[in-house]
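Reviewing the structure listed below.
The values are calculated or read from the model by the stated rules, or taken from the named source; none is laboratory data. All of these numbers come straight from a predicted model, not from anything done at the bench. Cβ placement follows ideal geometry from the backbone for every residue including glycine, while neighbour counts extend to all protein chains displayed. Ligands, DNA and RNA are stripped out before the accessible areas are found, and what is left, the full protein with its side chains, is counted by its heavy atoms. Shrake-Rupley method; radii C 1.70, N 1.55, O 1.52, S 1.80 Å.
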Amino acid sequence: MACVLEAPLRMSVLSEVTASSRHYVDRLFDLDPQKVLQGVIDMKNAVIGNNKQKANLIVLGAVPRLLYLLQQETSSTELRTECAVVLGSLAMGTENNVKSLLDCHIIPALLQGLLSPDLKFIEACLRCLRTIFISPVTPEDLLYTDATVISHLMALLSRSRYTQEYICQIFSHCCKGPDHQTILFNHGAVQNIAHLLVSTSYKVRMQALKCFSVLAFENPQVSMTLVNVSVDGELLPQIFVKMLQRDKPIEMQLTSAKCLTSMCRAGAIRTDDSCIVLKTLPCLVRMCSKERLLEERVEGAETLAYLIETDVELQRIASITDHLIVMLADYFKYPSSVSAITDIKRLDHDLKHAHELRQAAFKLYASLGANDEDIRKKIIETENMMDRIVNGLSESSIKVRLAAVRFIFYYRCLHSLSRSVQQLRTSFQDHAVWKPLMKVLQNAPNEILVVASSTLCNLLLEFSPSKEPILESGAIELLCSLTQSENLALRVNGIWALMNMAFQAEQKIKSDILRGLSTEQLFQLLSDSDVNVLMKTLGLLRNLLSTRPHIDHIMSTHGKQIMQAVTLILEGEHNIEVKEQTLCILANIADGTTAKELIMTNDDILQKIKYYMSHSNAKLQLAAMFCISNLIWNEEEGSQERQDKLRDMGIVDILHKLSQSSDPNLCDKAKTALQQYLA
């Protein structure tokens with residue numbers, strides 16, 4: 001069995017190979033089993049804490065021989081166990097070591113070893129598997145290739161506290177997403193692991209807790225099950241709450257809080273439950289304190305952001321707990337410019353990971369400011385927050401192609417704050433947020449584009465002072481290109497932003513939008529299978545067709561296509577909201593001076609308006625009435641001829657019926673229309 005090694009590693013390591021390293025490997029081939037055993041034991045002692053020695057032995061071919069000895073039934077149990085220990089030690093070296101072990105197919109060999117009746121050998125195999133699976137270079141799916149593996153691991157949980165610790169750790173590292181969660185859940189993970197939460201071993205309790213943390217994340221099925229499971233007469237949520245107590249290790253507090261957070265977000269625990277409001281939330285706020293380690297502060301802030309993300313009351317409570325908003329400002333102060341000599345290691349650590357603190361802070365600020373205007377104001381006023389957001393946007397616009405995910409939280413925070421009218425009129429303009437945002441939109445992965453374009457939608461509202469400079473920077477072309485994206489969220493945001501841009505806009509801007517979209521793309525959007533895209537496109541048309549000169553101009557150049565689109569939608573199988581919006585577009589067209597003739601000369605459209613006047617839905621009736629009112633208004637040229645034609649169609653009779661309607665809006669609108677005939 002040959003190992004595949006990377007050429008650069010092979011060259012660099014081979015130069016370091018020593019005669020001593022060769023000696024260790026040579027002893028593995030001795031004909032005397034006792035000498036082989038002693039050789040493996042000596043190798044074990046030689047590689048402990050010595051990465052260079054580990055690399056030497058891998059290059060010299062120790063791994064295939066160790067795996068051969070581990071799998072041979074003629075090998076003694078002691079030898080097989082020592083081989084597993086050495087392989088585990090080799091796996092604790094560099095990532096290249098783990099890659100080499102994987103290339104030698106170590107995982108199937110170790111999984112086969114779990115079938116042994118000997119507990120010590122099983123524990124050694126599990127310990128090695130644990131080390132390999134927690135490495136970032138190991139594909140998690142390797143655990144799930146054989147359906148019998150998970151069942152066997154569940155059965156081994158009862159063998160010893162070591163099997164419990166290692167197996168739970170393997171599960172927690174290899175559970176990445178709903179598919180893995182489902183497999184583990186269906187194999188009885190909840191029932192098999194629950195009792196481990198009260199184990200006498202802290203390591204077992206901790207690994208079991210981490211298991212539930214990943215099993216419950218964004219998984220309603222698991223969360224709903226956990227809330228009803230009891231151990232020794234105590235429900236799991238109560239056990240988790242006990243693990244939140246201040247006298248428990250921070251790692252345990254954080255992981256328990258993550259479990260309760262996932263259960264809350266899944267609806268298994270109410271957001272106003274005391275275990276969330278009085279226990280989980282305060283615990284997570286404590287984790288944001290500057291007294292905590294960097295990793296703890298990052299994890300605490302990110303978990304808290306997830307907990308409060310969709311609940312207004314939790315956002316309010318968090319914002320006034322332990323001065324959280326001010327506390328988060330400290331996240332931007334790492335690394336400190338002045339540090340005691342004794343903290344040099346900590347400073348170096350902070351230098352490498354300072355971006356994680358900024359991400360976490362922006363993510364939590366985004367959740368805090370998602371709904372409440374007062375909270376947003378406090379965030380903006382905290383230690384030059386807008387400067388930090390703008391700097392973050394500028395920084396990420398350079399690095400976004402290399403590390404898109406690293407900076408996505410900047411945009412989430414910005415999107416939350418941009419919902420505030422006050423901030424749009426003041427801070428956002430003062431800091432020219434739109435400039436770095438437009439740079440990012442020029443070239444970024446979809447994950448960034450979705451959030452950044454959402455923010456742009458708000459910056460293009462009529463009352464935003466950023467609207468004009470954004471237009472001048474080529475936004476129309478950019479947004480029109482987004483409407484052609486295969487990504488649904490980008491199509492929605494592109495057309496939404498154009499809709500906001502067209503609201504009360506000048507005629508030139510409206511013409512530029514229509515020219516940028518093209519008739520073909522407009523029809524494509526109007527036939528989109530997603531109702532959000534369709535509604536936003538209709539909203540765009542409605543905003544384009546506002547004010548008479550604009551209506552007449554646009555209909556003179558695009559009237560035929562627009563009337564065709566309106567007909568298709570009114571004839572199609574669409575919901576009430578879509579048809580109501582379409583009738584409102586017709587009402588706008590009917591308000592034009594010359595554009596209304598496109599309706600009056602189209603008997604098919606007139607019949608459709610008549611049909612919707614008698615529809616069972618009041619919204620559609622009212623929208624159709626607006627069309628009629630605009631067509632028959634007697635102060636406009638040609639009103640008599642239009643009134644006569646509509647009377648001949650039976651419109652007046654329908655108006656008389658509607659004037660007796662129990663719906664006050666319909667009744668008033670019908671009476672107003674009838675007055676035009678009497679004037």
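Any residue in the range 254-274 that is open to solvent by 30 Å² or more (accessible area, probe 1.4 Å), closer than 23 Å to Glu295 by Cβ and not in a helix (DSSP H, G or I)? No, the range 254-274 has no match at all.
Could we say that Gln72 is more than 18 Å from Ser100 (Cβ to Cβ) and not aromatic (Phe, Trp, Tyr) here? So Gln72 passes the test. Residue by residue through the range 28-48, note down the ones that are open to solvent by 40 Å² or more (accessible area, probe 1.4 Å) and either among the acidic types (Asp, Glu) or not in a helix (DSSP H, G or I) (or both). Result: Phe29, Asp30, Leu31, Asp32, Asp42, Ile48. Give the residue, chosen from Pro136, Pro108, Pro117, that is of a type outside the set (Val, Ile, Thr), within 20 Å of Asn51 (Cβ to Cβ) and open to solvent by 60 Å² or more (accessible area, probe 1.4 Å). Pro136 is the lone residue from the list that is of a type outside the set (Val, Ile, Thr), within 20 Å of Asn51 (Cβ to Cβ) and open to solvent by 60 Å² or more (accessible area, probe 1.4 Å). Scanning the range 453-480 for residues that are aliphatic (A, V, I, L, M) and at pLDDT below 80, we see that the one that is surrounded by the fewest Cβ atoms within 10 Å (Cβ to Cβ) is Leu461.
Residues being farther than 22 Å from Lys176 by Cα and either open to solvent by 40 Å² or more (accessible area, probe 1.4 Å) or of a type in the set (Phe, Trp, Tyr) (or both): count how many of those fall in the range 205-239. So the count comes out to 7. Take the residues in the range 49-63 that are among the polar types (S, T, N, Q) and touching a helix residue (DSSP H, G or I) at 6+ places or on another chain (Cβ under 6 Å); name whichever of them is most open to solvent (accessible area, probe 1.4 Å). Ranking the candidates gives Gln53 first.
Listed here are the helices (runs of 4 or more DSSP H) enclosed by the range 454-528 that have at least 3 residues being touching a residue at least 40 places away in the same chain (Cβ under 8 Å): 475-482, 488-502, 507-526. Report, by residue number, each residue of the range 631-678 that is in contact with a helix residue (DSSP H, G or I) (Cβ under 7 Å, 6 or more places away or on another chain), outside any helix (DSSP H, G or I) and farther than 18 Å from Tyr612 by Cα. Within the range 631-678, Trp633, Asn634 meet the criteria.
Of the numbered criteria (1) assigned to a helix (DSSP H, G or I); (2) of a type in the set (A, V, I, L, M); (3) modelled with pLDDT of 75 or more, the one Leu424 fails is (3). All told, Cys283 falls short of being within 14 Å of Val214 (Cα to Cα) and either in a helix (DSSP H, G or I) or open to solvent by less than 50 Å² (accessible area, probe 1.4 Å) (or both).
Of the residues making up the range 139-172, just one is outside any helix (DSSP H, G or I) and open to solvent by less than 10 Å² (accessible area, probe 1.4 Å), namely Leu157. Taking the conditions exactly as written (hydrophobic (A, V, I, L, M, F, W, C), touching a Pro at 6+ places or on another chain (Cβ under 9 Å), touching a residue at least 24 places away in the same chain (Cβ under 8 Å) and not in a loop (DSSP other than H, G, I, E, B)), does Leu79 satisfy them or not? Judged against the criteria, Leu79 is a match. Restricting the range 571-586 to residues that are part of a helix (DSSP H, G or I) and open to solvent by 10 Å² or more (accessible area, probe 1.4 Å) leaves a set whose member that is nearest to Phe626 (Cα to Cα) is Cys584.
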